[in-house]
Amino acid sequence: MALRIHKAELPARLKEDMIKQLGAVPENVEVTWHSPQVARDNLEFGARVGAWDAADESLKSFAHMAVAAQVGCGWCLDVGYFQARNAELDLTKASQVPRWRESEVFTPLERDVMEYAEAMTATPPTVTDALHASLLERLGPAAMVELTAFVAFINLATRTNVASGVSSQGFSSACEIPLATRPESSGAASAS
């Protein structure tokens with residue numbers, strides 16, 4: 001996939017901060033910078049979303065990567081796995097998110113969270129009362145609200161990246177365990 005909008009020049013300070021944080025400047029930020037207000041607001045909201053702490057970080061990481069795999073956002077899958085590594089989450093599990101239905105490493109709760117994330121991502125959404133009630137009972141209201149808003153934000157990010165032609169930048173190559181690929185029968189777009 002090629003970028004559909006050329007990269008804008010970022011302010012030097014922002015560029016330096018991105019390189020310190022990620023080791024490279026994210027292409028999605030460079031593309032979005034054509035509208036600095038949109039880019040700044042998106043970065044600020046993303047930082048706020050990242051600071052939420054009612055839901056377990058592993059569950060949110062798995063939800064993030066499940067959405068990215070379903071939408072076909074290779075950049076989000078790549079950076080999500082890289083962030084899981086940096087947060088010292090279980091990479092054996094995180095590496096298997098793209099094929100979570102076939103993998104045997106996940107708990108029933110983790111599976112339900114990924115199912116919920118995919119159901120929210122479907123168009124139209126396919127969240128069932130039973131799945132929502134089951135997660136609400138196990139997570140509690142605050143974590144359930146957070147998980148739902150988190151998945152909605154990830155949908156914004158993944159869909160924006162795919163529409164703009166942003167693809168993987170290779171962040172996950174720093175991870176010791178290779179990231180699994182989504183099975184072809186899933187119907188998802190390519191995660192290149």
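When you look at Ala117, is it open to solvent by less than 70 Å² (accessible area, probe 1.4 Å), within 19 Å of Ser61 (Cα to Cα), under 13 Å from the mean Cα position of the chain (by Cα) and not hydroxyl-bearing (Ser, Thr, Tyr), yes or no?
Working: open to solvent by less than 70 Å² (accessible area, probe 1.4 Å): yes; within 19 Å of Ser61 (Cα to Cα): yes; under 13 Å from the mean Cα position of the chain (by Cα): yes; not hydroxyl-bearing (Ser, Thr, Tyr): yes.
For Ala117, the condition - open to solvent by less than 70 Å² (accessible area, probe 1.4 Å), within 19 Å of Ser61 (Cα to Cα), under 13 Å from the mean Cα position of the chain (by Cα) and not hydroxyl-bearing (Ser, Thr, Tyr) - is met.
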So for segment 57-76 (the condition being surrounded by fewer than 17 Cβ atoms within 10 Å (Cβ to Cβ) and either over 17 Å from Arg159 (Cα atoms) or in contact with a Cys (Cβ under 7 Å, 6 or more places away or on another chain) (or both)), does at least one residue qualify?
yes
Pull out all pairs, ordered by first then second residue, where Cβ-Cβ is under 7 Å, the residues are six or more apart or on different chains, the first lies in segment 1-24 and is charged (D, E, K, R) and surrounded by fewer than 14 Cβ atoms within 10 Å (Cβ to Cβ), and the second is part of a loop (DSSP other than H, G, I, E, B) and at pLDDT 95 or above.
Arg4/Gly165
Does any residue in segment 80-95 that is more than 16 Å from Pro26 (Cβ to Cβ) and without any contact (Cβ under 8 Å) to a residue 60 or more places away in the chain come within less than 7 Å, Cβ to Cβ, of a residue that is among the charged types (D, E, K, R) and open to solvent by 20 Å² or more (accessible area, probe 1.4 Å) six or more places away or on a different chain, and which pairs are these?
Ala87/Glu57; Leu89/Glu57
Tell me which residues, restricted to segment 52-98, are touching an Asp or Glu at 6+ places or on another chain (Cβ under 8 Å), of a type in the set (Gly, Ala, Ser) and modelled with pLDDT of 95 or more.
Ala54, Ala55, Ser58, Ala66
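If you scan segment 1-22, which residues turn out to be of a type in the set (Lys, Arg) and within 15 Å of Arg40 (Cβ to Cβ)?
Result: Arg13, Lys15.
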Ala133 - would you say it is open to solvent by less than 50 Å² (accessible area, probe 1.4 Å) and in a helix (DSSP H, G or I)?
no
Which pairs do you get when a residue that is under 11 Å from Leu77 (Cβ atoms) and open to solvent by less than 70 Å² (accessible area, probe 1.4 Å), found in segment 162-186, comes within reach of a residue that is aromatic (Phe, Trp, Tyr) and not in a loop (DSSP other than H, G, I, E, B), reach meaning Cβ atoms under 6 angstrom, with the pair 6+ apart or on two chains?
Ser167/Trp75; Ser168/Trp75; Phe171/Phe82; Ser172/Tyr81; Ser172/Phe82; Leu179/Tyr81
Restricted to segment 25-50, and to residues that are β-branched (Val, Ile, Thr) and in a helix (DSSP H, G or I), which residue is surrounded by the fewest Cβ atoms within 10 Å (Cβ to Cβ)?
Val38
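Would you check if Val145 is of a type outside the set (D, E, K, R) and under 12 Å from Ala63 (Cβ atoms)? If you could, list the steps in order and put the result at the bottom.
Details: of a type outside the set (D, E, K, R): yes; under 12 Å from Ala63 (Cβ atoms): no.
For Val145, the condition - of a type outside the set (D, E, K, R) and under 12 Å from Ala63 (Cβ atoms) - is not met.
The values are calculated or read from the model by the stated rules, or taken from the named source; none is laboratory data. The model shown is predicted, which means the values in this text are computed figures rather than measured ones. Please note: Cβ atoms are built from the backbone with ideal geometry, for glycine as well, and neighbour counts cover all protein chains shown. Just so you know, the surface numbers come from the protein's heavy atoms only, side chains and all, with ligands and any DNA or RNA stripped out. Shrake-Rupley method; radii C 1.70, N 1.55, O 1.52, S 1.80 Å.
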